[in-house]
Amino acid sequence: MDQTLYLILLLIALCSVSECVQRQYHFINVLKTWTEAQRFCRENYTDLATVDNMNDMNELKKSVNDGVGDIWIGLKRTSVDKWQWSDQSDSSFRYWAPGEPNNNGSVESCIMLDPKNLNTHGKWYDVSCDIQIPFVCHEDKPILINETLTWPEALRYCRQNYTDLVSVHSDKMQRRVMNVVKGASTEAVWLGLRHSCTVGLWFWVSGETVCYQNWAPGNGTGDEDCVSGVRSGAVQSGGDQRWISHPEHHKLNFICSRSEE
């Protein structure tokens, strides 16, 4: 095969793989109840593990240490036949072990699995939420979209295809954003950051106020030019990758989030 064609095909394959793996799983070898595990994951990662397909399931199993048995994931019963993930997302994917869920004693509402059990291949069991076992957290990756859209168009795209334009609430999340914007084709990349001329404040479209800030000098701290149009926030794709104020009609790449951060 021609070497140039081979390299092109290899790059396409690598890009396809990176787009499929949108979560990172982190095994926590500490004994906690389901609720305690949920609290730990929300404080240190994104949430208790969500699994949307077999690709996610296989990635989760890879994250678990050899020899570990039962672990929590983030699925919980909310009514008789209703299940929901800890991050509030719904999913049709299920991976029940034979005879499960059985809600034995009417007290089994949380899901565990044994990823190393060769008989069940990591299939799911409903059990009491009060037992103490290790668990897996997930961390959602910000998703760079290399299309050039206005800010309102980018917001619509993210809400139709993912969850929202990304919000940046911490230095940790800022570092994750900085990693993905390196692949941008525009000099800045839209965030879910919006300015209100009515009250003179910046806010995240996910509903939170802007506590953590990483503005470039001269941006985000003074009065905005409301005459020429609504301003929205972007992160520089080069330099020190700080936030800058842009008119919403500019066309930039943008970053979506898969679930609330």
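The values are calculated or read from the model by the stated rules, or taken from the named source; none is laboratory data. It should be emphasised that the depicted structure is a prediction, and the values quoted were computed from it without experimental measurement. Glycine also receives a Cβ, built like all others from the backbone with ideal geometry; neighbour counts cover every protein chain displayed.
Here are the numbers for this structure:
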{"quantity": "Residue tally, condition farther than 18 Å from C41 by Cα, in a strand (DSSP E or B) and either touching a Ser or Thr at 6+ places or on another chain (Cβ under 9 Å) or not β-branched (V, I, T) (or both), over segment 135-170", "calculated": "8"}
{"quantity": "Boolean, V64 is over 22 Å from T163 (Cα atoms), in contact with a Pro (Cβ under 6 Å, 6 or more places away or on another chain) and at pLDDT below 90", "calculated": "yes"}
{"quantity": "Residue in segment 194-205 that is within 18 Å of S245 (Cα to Cα), without any contact (Cβ under 8 Å) to a residue 60 or more places away in the chain and charged (D, E, K, R) present", "calculated": "yes"}
{"quantity": "Answer residue from segment 197-217, given it is among the small types (G, A, S) and farther than 18 Å from A154 by Cα and is farthest from the chain's Cα centre (by Cα) among those", "calculated": "G200"}
{"quantity": "Among (1) surrounded by 17 or more Cβ atoms within 10 Å (Cβ to Cβ); (2) of a type in the set (A, V, I, L, M, F, W, C); (3) in contact (Cβ under 8 Å) with a residue 60 or more places away in the chain - the single one W124 does not satisfy", "calculated": "(3)"}
{"quantity": "Any hit, segment 159-173, residues being at pLDDT 95 or above, surrounded by 18 or more Cβ atoms within 10 Å (Cβ to Cβ) and either within 30 Å of N29 (Cα to Cα) or touching a helix residue (DSSP H, G or I) at 6+ places or on another chain (Cβ under 6 Å) (or both)", "calculated": "no"}
{"quantity": "Residue within segment 203-214 that is closer than 14 Å to C256 by Cβ and in a strand (DSSP E or B) present", "calculated": "yes"}
{"quantity": "Residues within segment 94-142 that are modelled with pLDDT under 90 and among the aliphatic types (A, V, I, L, M), tallied", "calculated": "2"}
{"quantity": "Residues that are among the charged types (D, E, K, R) and either modelled with pLDDT under 85 or in contact with a helix residue (DSSP H, G or I) (Cβ under 7 Å, 6 or more places away or on another chain) (or both), drawn from segment 192-239", "calculated": "E208, D223, E224, D225"}
{"quantity": "Hits in segment 245-261 - residues which are within 21 Å of Y212 (Cα to Cα) and either at pLDDT 95 or above or among the polar types (S, T, N, Q) (or both)", "calculated": "S245, F254, I255, S257, S259"}
{"quantity": "Given (1) in contact with a strand residue (DSSP E or B) (Cβ under 9 Å, 6 or more places away or on another chain); (2) under 20 Å from E43 (Cα atoms); (3) not assigned by TED's automatic domain parsing to the domain that holds T46, number of the condition C129 does not satisfy", "calculated": "(3)"}
{"quantity": "Residue in segment 171-181 that is part of a loop (DSSP other than H, G, I, E, B) and not assigned by TED's automatic domain parsing to the domain that holds V107 present", "calculated": "no"}
{"quantity": "Residue within segment 34-47 that is modelled with pLDDT under 85, at positive phi and not acidic (D, E) present", "calculated": "no"}
